[in-house]
Amino acid sequence: MFSVLILTLNEERDLPRCLASVQACDDVVVLDSGSVDRTIEIAQAGGARVFTRSFDNFAGQRNFAQREIPFRHPWVLHLDADEQLTPELLAEAREAIQRTDLDGFLIAPRMMWNGRWIPHCTDYPAYQARLVRAPQFRFIEVGHGQREAPDMRLGKLGSSYTHDLSSGGEEEWLAKHRRYARAEAREHLQRAGQGSWTELFSSDALVRRRALKRASYSLPFRPALRFVYQYVFRGGFLDGSAGLHYCRLLAKYEGFTAAALKELRAASH
């Protein structure tokens, strides 16, 4: 079996569904960043062990857990409170952890908006390192999230966990992505010049996706281009009204990022 780590901060709304999805796991750990609602009470009532640490960034939280928390199993599935383990992923992960030649596995989330899976406008499968060995697996911070350290040996799983993008509604999504935009802009400026244009033509879809994201920062009219890219070229129109709604939000996010870049560049001169 594997352990489960859930990162939390004021997650009383979403945590019960996450905990319910991992009931089959015998070691569930919550790493909380200072919740002032009922998050810790809910976690303990659900049988989770609770640890606390002030938040620095996602990679810092996950690496702290990897090194300092005594998990009962050598493999750990990392989740956020608005994510859920699926039965298919549970079964595949149980088989995958028999591998001895890998440090972790990439898993593609199924992004949900108002109860509907929107695969096209969320670039499914967009893989993330989530099932990893402890304590040796290491994350690095990239933008507002985390990524595997370059020397980690990774496989891929075919099953997915679900991620409810709309659990807090549109206003909460926009507020969160205003914060994310500043982190993305700062990271882009720090990494300017890294990577290669040839990665746009890589045979690895994950490498291509990351290279395209870097290249997009040099384009004009980014909000409009992001909408056209996600809704037309990536097939967001196939996701129905939920896809249209989400593509419009992504365009707003690009506007937040462009504004943050302009502000940070002006402050550096």
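The values are calculated or read from the model by the stated rules, or taken from the named source; none is laboratory data. Keep in mind that what you see is a predicted model, and the values were worked out from it rather than measured. Cβ: placed from backbone, ideal geometry, glycine included. Neighbour counts: every protein chain shown. Heavy atoms of the whole protein, side chains included, go into the accessibility calculation; ligands, DNA and RNA do not. Shrake-Rupley method; radii C 1.70, N 1.55, O 1.52, S 1.80 Å.
Between residue 216 and residue 26, what is the FRET efficiency for a Förster distance of 51 Å, r being their Cβ-Cβ separation, to the nearest 0.05?
The value I calculate is 0.75.
How many times 2.2 N^0.38 Å is the alpha carbon radius of gyration of the range 1-153? Before the final figure, lay out each step's value.
Working: Rg = 14.8 Å, N = 153, 2.2 N^0.38 = 14.9 Å.
Against the compact-globule rule of thumb, the ratio is 1.00.
By the scheme Lys and Arg +1, Asp and Glu -1, what is the net charge of all other residues having a beta-carbon under 12 Å from that of residue 258?
Numbers: positive: 182, 222, 226, 252, 262, 265; negative: 184, 254, 263.
That works out to +3.
Count neighbours as other Cβ atoms within 10 Å of each site's Cβ, and list the trypsin sites (Lys or Arg not before Pro) in the range 81-178 that are DSSP loop with at most 14 such neighbours.
Working: sites: 94, 99, 110, 116, 130, 133, 138, 147, 153, 156, 176, 178; in loops: 99, 138, 153.
Answer by residue number: 99, 153.
Quick check: net charge around residue 118, other residues with Cβ under 12 Å of its Cβ, Lys/Arg +1 and Asp/Glu -1?
Working: positive: 110, 116, 234; negative: 123, 164, 239.
After counting each charged neighbour, the total is 0.
Accessible area per residue, 1.4 Å probe, Å², for the range 1-148: what's the number? Could you put the intermediate results ahead of the total?
Numbers: 6300 Å² over 148 residues.
I get 43 Å² per residue for this part.
At a 10 angstrom cut-off on C-beta neighbours, averaged per residue, how do the peptides 70-80, 42-52 rank from highest to lowest?
Values: 70-80: 19.6, 42-52: 16.8.
Sorting 70-80, 42-52 by mean packing, highest first, produces 70-80, 42-52.
As a test of the definition: which semi-axes, in Å, follow for the chain when you take the square root of five times each eigenvalue of its alpha carbon gyration tensor? Largest first, please. If you can, show how the numbers build up before the last one.
On the way: eigenvalues 179, 89, 79 Å².
Its equivalent ellipsoid spans semi-axes of 30, 21, 20 Å.
Can you list the equivalent-ellipsoid semi-axes of the range 128-184, largest first and in whole Å, using the square root of 5 times each Cα gyration tensor eigenvalue?
Numbers: eigenvalues 143, 54, 13 Å².
Rounded to whole Å, the semi-axes are 27, 16, 8.
Within the range 1-149, what whole-number % of the accessible surface is contributed by carbon and sulfur, with the 1.4 Å probe and all protein chains included in the calculation?
Working: 3080 of 6300 Å².
Of the solvent-accessible surface of the range 1-149, carbon and sulfur hold 49 percent.
Apply the Karplus curve 6.51 cos²θ - 1.76 cosθ + 1.60, θ = phi - 60°, to the phi angles in the range 156-169 and return the couplings in whole Hz, x for Gly and Pro.
10, 9, x, 7, 10, 9, 9, 10, 8, 6, 9, 4, x, x
Count the net charge of all other residues whose Cβ sits under 11 Å from the Cβ of residue 28, scoring Lys and Arg as +1 and Asp and Glu as -1.
Details: positive: 49, 72; negative: 26, 27.
The answer is 0.
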